[in-house]
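Contents: one structure, followed by commentary.
FYI, it's all coordinate maths here, none of it is from the lab. Treat the numbers as computed from the prediction; the structure is a model and nothing was measured. Cβ coordinates were reconstructed from backbone atoms using ideal geometry, including for glycine residues, and neighbour counts include every protein chain displayed.
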Amino acid sequence: MRAVLAALGDGEARTPKEVGAQSGVSPTRRTSALNLLEQAGAVVTAADGRCRATGMRTDEAVERAVEIAEHRRETVRSRIEMIRGYAETTDCRRRLLLGYFGEQHAEPCGHCDNCDAGTSREAEPAHAEDPGSQERVRHPEWGEGTVMSTERDRVTVLFAEHGYKTLSLGAVRENDLLAPADQTPAG
């Protein structure tokens, strides 16, 4: 990213190919760096595709771009974990998918492989203190999120900055990990 910014350092607009030639950065890395730097506000791209630096300090630009890249990686990682959960579940797959999209469904579908195998069962009623689907909650470390599903032993929450997190309901209850988002966090 520093090399790409250095190639744009004189304030002149350049094509991505010119930036690559001047910086010595491969086309793939150049494109990735330009995209991240643009999202960070350090580079602007004109309608003709030419890029120029905005004048943001290099250290600040790189720091912001790295934060954006890390956020993207964490979101992708959380999505992979959700897919892994789907692949490994012995519960009703339809119910898991509906929960992913924020809809609770107590009964097994009766049509998926797990229902056919007899491993799915009707969802147990949640405790009164357990968060419901689409409820906005606050976690002490991850901030505000939206409950996507609540199952017998776990709750899945989508946090804007941290992606999907699946938490043990026992741990949530014992440690008061989730509170309604409209409540001020303790401490």
Selection from the stretch 1-31 of residues that are of a type in the set (S, T, Y) and either closer than 15 Å to V62 by Cβ or in a loop (DSSP other than H, G, I, E, B) (or both): T15, S23, S26
I need a count of the residues in the stretch 158-174 that are under 20 Å from V76 (Cβ atoms) and assigned to a strand (DSSP E or B). 7
If you take the residues of the stretch 64-105 that are in a helix (DSSP H, G or I) and hydroxyl-bearing (S, T, Y), which of them is surrounded by the fewest Cβ atoms within 10 Å (Cβ to Cβ)? Y86
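Residues being in a loop (DSSP other than H, G, I, E, B), surrounded by 15 or more Cβ atoms within 10 Å (Cβ to Cβ) and under 22 Å from the mean Cα position of the chain (by Cα): count how many of those fall in the stretch 34-47.
The qualifying residues number 1.
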For the stretch 136-160, name all the residues that are under 18 Å from R95 (Cα atoms) and basic (K, R). R152, R154
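I'm trying to understand the selection: among the residues of the stretch 6-33, which are out of contact with any Leu (no Cβ under 9 Å at 6 or more places or on another chain), closer than 21 Å to I68 by Cα and buried (at least 17 other Cβ atoms within 10 Å of the Cβ)?
Applying the first criterion (out of contact with any Leu (no Cβ under 9 Å at 6 or more places or on another chain)) to the stretch 6-33 yields 6-7, 9-13, 15, 17-18, 20-21, 24-32.
Retained after the next criterion (residues that are closer than 21 Å to I68 by Cα): 6, 25-32.
Those that are out of contact with any Leu (no Cβ under 9 Å at 6 or more places or on another chain), closer than 21 Å to I68 by Cα and buried (at least 17 other Cβ atoms within 10 Å of the Cβ): V25, R30.
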